[in-house]
1. Hand me the list of helices (runs of 4 or more DSSP H) wholly inside segment 95-208 holding 2 or more residues that are within 22 Å of TRP79 (Cβ to Cβ).
2. Taking the criterion of being open to solvent by 30 Å² or more (accessible area, probe 1.4 Å) and more than 17 Å from ASP11 (Cα to Cα), would at least one residue in segment 80-92 satisfy it?
3. How many of the residues in segment 159-175 are more than 14 Å from VAL133 (Cβ to Cβ) and away from the ligand (no atom under 11 Å from the Cβ)?
4. For segment 161-198, how many residues meet the condition of being open to solvent by less than 50 Å² (accessible area, probe 1.4 Å) and of a type in the set (Asp, Glu)?
5. Mind checking which residues of segment 1-56 are out of contact with any Leu (no Cβ under 8 Å at 6 or more places or on another chain), farther than 20 Å from GLY92 by Cα, outside the structural domain of VAL71 (by TED's automatic domain parsing) and buried (at least 16 other Cβ atoms within 10 Å of the Cβ)?
6. Just checking, how many residues over segment 79-95 are within 16 Å of the ligand (Cβ to nearest atom) and in contact with an Asp or Glu (Cβ under 6 Å, 6 or more places away or on another chain)?
7. Scan segment 27-75 for residues that are within 21 Å of the chain's Cα centre (by Cα) and among the acidic types (Asp, Glu) and jot them down.
8. Please pick out the residue among ALA107, ALA102, ALA158 that is closer than 23 Å to HIS31 by Cα and open to solvent by 10 Å² or more (accessible area, probe 1.4 Å).
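The values are calculated or read from the model by the stated rules, or taken from the named source; none is laboratory data. Small disclaimer: the values here were computed from a predicted structure and weren't measured. Glycine also receives a Cβ, built like all others from the backbone with ideal geometry; neighbour counts cover every protein chain displayed. Ligands, DNA and RNA are stripped out before the accessible areas are found, and what is left, the full protein with its side chains, is counted by its heavy atoms. Shrake-Rupley method; radii C 1.70, N 1.55, O 1.52, S 1.80 Å.
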Amino acid sequence: MAFELPPLPYDVTALEPTIDAQTMTIHHDKHHAAYVNNLNAAIAGTDLEGKSLEALIGDIKALPADKQGPVRNNGGGHWNHAMFWEIMGPGGGGAPTGELAAAIDAAFGSFDAMKEAVNKAGIGRFGSGWAWVIVGHDGKLAITSTPNQDNPLMAGIADVTGAPILGVDVWEHAYYLKYQNRRPDYLAAWWDAVNWNAVAQRYAAAKK
Ligand code: MN
């Protein structure tokens, strides 16, 4: 079965003023849709059609040579954006609580230190890409960044692999209409859109 564009789990205006409605509309309806459509086109008529998205992007180097680039870019784009919509939400922001907060303190010293490190990773990503908080293979939280639509699930491709629990899109298409060239301002504001309940659920699932 072909992959499908998941609907935004909230209205396009729901993340204003942090992310404006026009950016949300174009980002979801055009950019994310294109990744889904291009992924489906790349695998149509092959035995890759029966695989899960995680199976496809988790072992890209096992794919036929002519499929590796399209699946890496578009499968990654699909996975990354589906995650991105889910870890944001109306009434977001604030601080994580419970086990996630404790894990953040243990790994980074404080929530503020984690935010600073994620922002630094995002600002330092030349060109387009993502900054991530992952549960590493040692069970501890770590911060990494990937270019383009790569992500930490991509074994043999990502510098650091693990289970992403939070990722922030630093492609210009994610922020340019409102923040123009000011990626640091976008990153500083973006935390107000984070749905920490969703991130905590990802942490709970990943640490097992
Ligand atoms: Mn994007």
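1. Fully inside segment 95-208 and qualifying: 111-124, 183-190, 196-206.
2. So far as segment 80-92 goes, no, none of its residues is open to solvent by 30 Å² or more (accessible area, probe 1.4 Å) and more than 17 Å from ASP11 (Cα to Cα).
3. Selection size over segment 159-175: 1.
4. 1
5. LEU5
6. Of the residues in that region, 1 qualify.
7. ASP29, GLU54, ASP59
8. After ruling out the rest, the residue left standing is ALA158.
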